[in-house]
Structure formats: C-alpha cells, structure tokens
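This report refers to the structure that appears directly beneath it.
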C-alpha cells in the first residue's frame, strides 16, 4: 500500500485548529443548517457503461478476495459517526470481512459528530489510532493535507473507481492523490406546497427558467400573504446559490499550478449570479441578510411556495414537536431542473468519506474492510434504505420515500467546494454569504464578486 505523501502539508494540530475555527466541528455530512441532524440522508440514477463495468469489477474483486481466507488474527477498530450507518449494515460488513479474515475481530466504536475533529486529531496522531475512520466530506481535505491518512491512489480501482460519486470523490482527493473513499451522501432538493401549486395553476418546472416563472407566478398569486416567497431564497443561503453558479458554467475557485484563483468574477459566474439575483428579486420574500436556518418554520407558516433544502427537510417540517405534521398531504419534492429540459442543475452534495489512518497498525486489513464497505452488496443496502450510496450505479435503486428518490436524481449532478485544506477558512470568514447579502442589497455584482475572489484567494493560498 502506498503511504507516501506529497505537497505542502500542515500539521495535524493546525488542521484541527482550522476546522474548529471555521465551526465545522459538528459539520456532519457537510451540512449547512444548524438545526439539522446527520440523519435521513438520501438519493437517483444515471447508468453509463463505464459505471456498470466499474461496479462489476468491484464485485469481482470482492469475490476473488473472499476465495482467499487469511490466517490473520487480532482485531481492527472501525470508527463510524452518528447513527447513519445502521447496526444491521455494520453486521453485514463484519460478516463479509470475516469470510476472508475469520480470526480478526472488527470492533465498532461509534463517535458523535460534535467534538469529532478534536477527537480525531488526538487519535490519529497517537500510537492508539483506529484502523478505519469516517470524516464529514468538508472535514476530509484538512486531514488528507495533514498527512494523517494513507494514500489509496493505487487501490482506487478496487475502491469504486469510476463508479464513485463525483463530489465525494473530490472530497477524498488532495493534490491529485486519493485518500478518502466516498461512503454515503445527501443532496439538496426542491420542496414545494402541492396545494399552492394547484391553486395558482403552476406545474412542477422542467427547466430552470420554468422554475423562475413558477416562482414569480406563486409570488404574484399569494401577494397578500405577508413574507411570502414563491421561491424561498434568503440572501445568505450560499448552498442554494451554488446551483445557479454551476449551472451557468461558473465556479468558486480553480487551481492554477500551486495557486488557487478565485473565479466568481468570470463571465460564466457573473451570469449565474445574475440568474440568482433575478430569482431573489422577483420570486422571493426572504431577507437579504437572512439564512435558511428557520426555513421549515416559514414553510409551516404558509410563507413558502417552494424552496431548496436538504433531503431530510420534510422530516423536520413534519416533526410533531417543532414542525407541522398536518402538512404532510401538501408536501411535494423534485430535483431542481437545469437550463435544458431533462437535466438537473448541479447541487452541493454533503456526505461522508472513509479513510485509513497512517498510524493504524492494521492497514492491509483496513483496506479489505473498505473493499467490503464500497462493494455493491453493501452500498445497495444504503440505497434500499433511502440513503444516497457512494456508487453511481446504485442510485437507481434508492427507495423509501419521494424525497429519497428526488435526492438520488439530484445527486447524479453534484459538485463540491474547492478541494483545499484551507477551505474551512473561507467558510469561517463568511465570504460567500457576505457577497450574496451585498448583491441582494443592490451592490454591483461584478464588484462584489471581485472582492470575494480576493478574499478566497487569500484564504486558500494562505
């Protein structure tokens, strides 16, 4: 197994400090809502020949490994976070692993997302490191850059290869090398009021322009409702903005050699920001300086026609204590469409990655466990439970609820933030929310984008 590391690498202690300062200590699955839990993630489909072949190759590799029972003994420690991986799925992984290593005990140690970064920093830098660890995808880059996990580039083909979800693969890649295997995910979808759509004579949109028109129609139809939004879009919800940015060919930043270059002020990004501003102005009643922390309350209050939100949001809306469970018959979901009919707009994909610590004592055994956990037999069980699996070939099998199926469709076109260990600093400085608030309040789009580019470059290249 290749355990070499290249490029500039911050210390593990500094890595934790960066994440903690950015408020990402509790960022399970890269989530954007302080009221969220790490539960109810879910996902869809696109079947390409290469993906099917990759899935078959992965299955074949697992079968070949199973034919070679080892004489290894002892135990390996598996750290998983929260309750997103059910005990039944862990039992399946252990059974498959023990078919190859019958005398090796897999010890599951569940961790909490809160305080995870500090705990990982301590454990991964010690001689008592676990053998397999789970990161939230926004946490992974910093630990990869710090040299805390094993380089898996040479094993990538055995760990999903071309069948891996793109954005989680990006989260697991640093400086052109592959360190953290995608595990599961959750995507943003559109949640809407079916009764409002019917009353206003609005159809579920099939293009981004139709989504704008539907938002405007709802805004006009319910003009007498205070604080109403046809398309709920508070100014500081930068996750929602990313779909507009990416759909028009823009991006946050790109790497040019050793340096990061901010790209929010490129013509493509400006076009995406203009489309976002048009939706904000014409179809939205949420404030320029607001975020989406209380979007479920606005939805329950009858102030929302449709809104972009994480796939678990219907569960929060229907929560008996804090939501409005009587709203269930009026909740609909769909994936935000792209500019062309039959396409979906790119979405930010939150999720988890698995990695092997460099200080782990059982790296070869840990690799065999990762092979089980990325296998179609394992990942298909995520899909059947309504969670987005790490394999694109399994997205078509996502079931459980309309929200899960909409997530699966949205996940097919997913993106990630710049793959830099310093991205946490950009979030900590609120660069994107501040830029959007300025634009929403009427500042020049190009000027605000240029200022944001400068701030992003300073953070990423610092």
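Just so you know, all these numbers are worked out from the coordinates, no wet-lab data involved. Predicted model, so just to flag it, every value in this text is computed and none were measured. Here the Cβ is made from the backbone with ideal geometry for all residues, glycine too, and neighbour counts use every protein chain on show.
For the chain, the relative contact order works out to 28 percent when only alpha carbon pairs closer than 8 Å and six or more residues apart are counted. Over region 226-338, the ratio between the Cα radius of gyration and 2.2 N^0.38 Å evaluates to 1.23. What angle do you read, to the nearest 10 degrees and between 0 and 90, between the alpha-carbon axis of helix 402-411 and the longest principal axis of the chain? With rounding to tens, the tilt is 80 degrees.
Here is the size of region 187-238 from its Cα atoms: Rg then Dmax, 11.2, 33 Å. Computed over region 193-342, relative contact order equals 33 percent, with contacts defined as Cα pairs under 8 Å that lie 6+ residues apart. Counting only alpha carbon atoms, the long axis of helix 238-247 and the longest principal axis of the chain meet at about 90°. Using the alpha-carbon positions of region 405-462, Rg (one decimal) and Dmax (whole number) come out as 14.2, 41 Å. Distance between the C-alpha centers of region 245-260 and region 439-462? Whole Å please. Result: 13 Å between the Cα centres.
Across the alpha-carbon atoms of the chain, the computed radius of gyration and Dmax are 22.0, 73 angstrom. Each Cα pair of region 328-389 feeds into the Kirkwood radius, which the Stokes-Einstein equation turns, at 20 °C and 1.002 mPa s, into a diffusion coefficient of 139 µm²/s. Principal-axis analysis of the Cα atoms of the chain puts helix 363-374 at an angle of about 40° to the longest axis.
Projected label points at residue 194 and residue 361, each 7 Å from Cα along the beta carbon direction, are separated by 5.6 nanometres.
Our summary gives region 178-235 a relative contact order of 22 percent, counting only alpha carbon pairs under 8 angstrom and 6 or more residues apart.
Rounded to whole Å, the principal axis extents of the Cα atoms in region 250-308 read 50, 22, 18, largest first.
Which value results for Rg/Rh of region 95-237 when Rg is the Cα radius of gyration and Rh the Kirkwood radius based on the inverse mean 1/r? Here Rg/Rh amounts to 1.17. Starting from one equal scatterer on each C-alpha and no solvent at all, send me the Debye-based log10 I(q)/I(0) for region 313-455 at q = 0.09 Å⁻¹, two decimals. Result of the Debye calculation: -0.48.
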